[in-house]
Number of protein chains: 2
Amino acid sequence: MKMLTEIEKVLPSEIEKRSFEIITEELGDKKLVPGTELIVKRCIHTSADFDYAENLVFSEGAVEHAMDAIRRGTPIVTDTQMGKAGINKRKLAEFGSEVYCFMSDEDVAAAAKANGTTRAAASMDKAAALGRDVIFAVGNAPTALVRLYELIKEGKIRPELIIAVPVGFVNVVQSKELILSLKETPSIVARGRKGGSNIAACICNALLYQM
Amino acid sequence: MKMLTEIEKVLPSEIEKRSFEIITEELGDKKLVPGTELIVKRCIHTSADFDYAENLVFSEGAVEHAMDAIRRGTPIVTDTQMGKAGINKRKLAEFGSEVYCFMSDEDVAAAAKANGTTRAAASMDKAAALGRDVIFAVGNAPTALVRLYELIKEGKIRPELIIAVPVGFVNVVQSKELILSLKETPSIVARGRKGGSNIAACICNALLYQM
């Protein structure tokens, strides 16, 4: 009998490969949308939570569209420093792209205070004001998604991709449904309550690692 | 009927309070160990995953012991930059404490290469070499926990607390059981596969917010 504390001999370089084998095995004959498998499996790898095999919704062609955008050097904007920290910036730089998070910026704090919004919403305004193509990776704040929805409806931005994966209990489910209602906006959404900055970063990395 | 996209009117400052009310409500009459409730609930808040009501194991007095250590300015060492990014450093600084992550250090990379270990294991050696009291917050690497176990058994360190919450499929379960077998070491362990850098950071913050 294997002891519960018996450490398996796996080379450091082999750990991720072995993990993905276990995930594939446990997924069994679960059908995943072709082209999305590596993203779904990496979300499970990041969370040990097989719910991500059920809750991730990809708009038609979102993965290819996002990879094209990264190849053009489109930057990623996150709604947390933690999400930014988790994204592989070395890999991103190979495509001439980079990642921004405006959450700690003084002008964002001031705008949020002045307008009675969250800093997350104000940081989306700042991203829109860049006047650039942007990929949004939102893992924390429903208010960021609501603001993106408004900016899109007002014709002020047209995101290359919205990764909509906030986690939580207040307006999380609703804000994701708002993004899903945008039929012209490429999106990857974790429907329901689950997600997080780790999941947002992991989806960005999953895109990068298959390019 | 409430529309799925109908956003609830909740003041930004009230969102967290409302979330904790929902979590408390859904936990129902689930019994939590007195003194650990805020940590368990914050882990659920961070992940929307109620498994944390079942899998978190606290050694006797771990929470009080950890808070005392923080009050003395004991630093936190993480095994990811993402974990470091997620910890409330402003709050930590109020107690004269700070957070370190050695994962990107050149000497750690060199030591790992020379010894055929992971950088996570080498970064634990670097933390031990500080010769200081340390709180470890390990949310990613089982190899970090295995190395901590060895260092403790060799009498080279005596951590004030080990937050043992790596996530994943290879040696994750086993490495946590190793930490649980250390009867003299204060620990907070997410038994099983689940955890993550977000959970490691969240447990640190939950300690800080109740001080």
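Annotations for the structure displayed:
- Projected label distance in nm at B:Ala110 and B:Arg132, using a 7 Å step from Cα toward the beta-carbon: 2.2
- Placing dummy labels 7 Å off each Cα toward the beta-carbon, the span from A:Glu6 to A:Glu150 is 5.9 nm.
- Start at zero, step by 10 Å, and the Cα-Cα distances of segment A:1-108 spread as 11, 30, 36, 17, 6, 1, 0 percent across the bins.
- DSSP finds beta bridges in chain A, and of those with both partners inside it, around 20 percent are antiparallel.
- Dipole magnitude (debye, nearest 20) for the protein assembly as shown, charges at Cβ of Lys, Arg, Asp, Glu: 380
- Between the amide H of A:Asn171 and those of B:Glu8, distances stay under 5 Å, these residues lying 5 or more places away or on another chain, with hydrogens modeled in the peptide plane.
- Low-density loop cleavage sites - trypsin sites (Lys or Arg not before Pro) in segment A:25-101, where at most 12 other Cβ are within 10 Å (DSSP): A:Lys30, A:Lys31, A:Arg72
- Cα lying deepest toward the dipole's positive end in segment B:56-209, options B:Thr117, B:Cys101, B:Ala206, charges on Cβ: B:Ala206
- Of A:Ile87, A:Pro166, B:Ala190, farthest towards positive along the dipole that unit charges on Lys, Arg, Asp, Glu beta carbons give the protein assembly as shown: A:Ile87
- Phi to ³J(HN,Hα) by Karplus 6.51 cos²θ - 1.76 cosθ + 1.60 over segment A:155-161, Hz, x for Gly, Pro: x, 8, 9, 9, x, 5, 6
- Ignoring the sites themselves, chain A has its longest run without GluC sites (Glu not before Pro) in a DSSP loop having at most 16 other Cβ atoms within 10 Å at A:99-153.
- 20 °C / 1.002 mPa s Stokes-Einstein diffusion coefficient of chain B, Kirkwood radius on C-alpha pairs, µm²/s: 121
- The angle between the Cα long axis of helix B:197-209 and the longest principal axis of the Cα atoms of chain B comes to about 70 degrees, rounded to the nearest 10.
- GNM result for chain A, Cα springs below 10 Å: residue of A:Gly155, A:Gly35, A:Gly192 fluctuating most strongly: A:Gly155
- Cβ-vector label at 7 Å, B:Glu14, separations to other copies in nm: 5.6
- Taking the average, over residues, of other Cβ atoms within 10 Å as the packing measure, peptides A:194-201, A:165-172 rank A:194-201, A:165-172 from highest down.
- Share antiparallel - DSSP beta bridges, the protein assembly as shown, percent rounded to 5: 20
- Sorted shortest first, the distances from the B:Ala110 label point to those of the same residue in the other copies are 4.5 nm; each point sits 7 Å from Cα along Cα-to-Cβ.
- Magnitude of the charge dipole for chain B, about its Cα centre and with charges confined to Cβ atoms of Lys, Arg (+1) and Asp, Glu (-1), is about 280 debye.
- Each Cα pair under 8 Å and six or more residues apart adds its sequence gap; the mean of these over the residue count of chain A is a relative contact order of 24 percent.
- For the protein assembly as shown, the 222 nm mean residue ellipticity estimated from helices alone, with every DSSP H stretch of n ≥ 4 adding -39500 (n - 2.57) and the total spread over all residues, rounds to -14500 deg cm²/dmol.
Every number in this text was worked out from the coordinates using simple rules, so none of it is lab data. These numbers come from a predicted model, not from an experiment. Cβ coordinates were reconstructed from backbone atoms using ideal geometry, including for glycine residues, and neighbour counts include every protein chain displayed.
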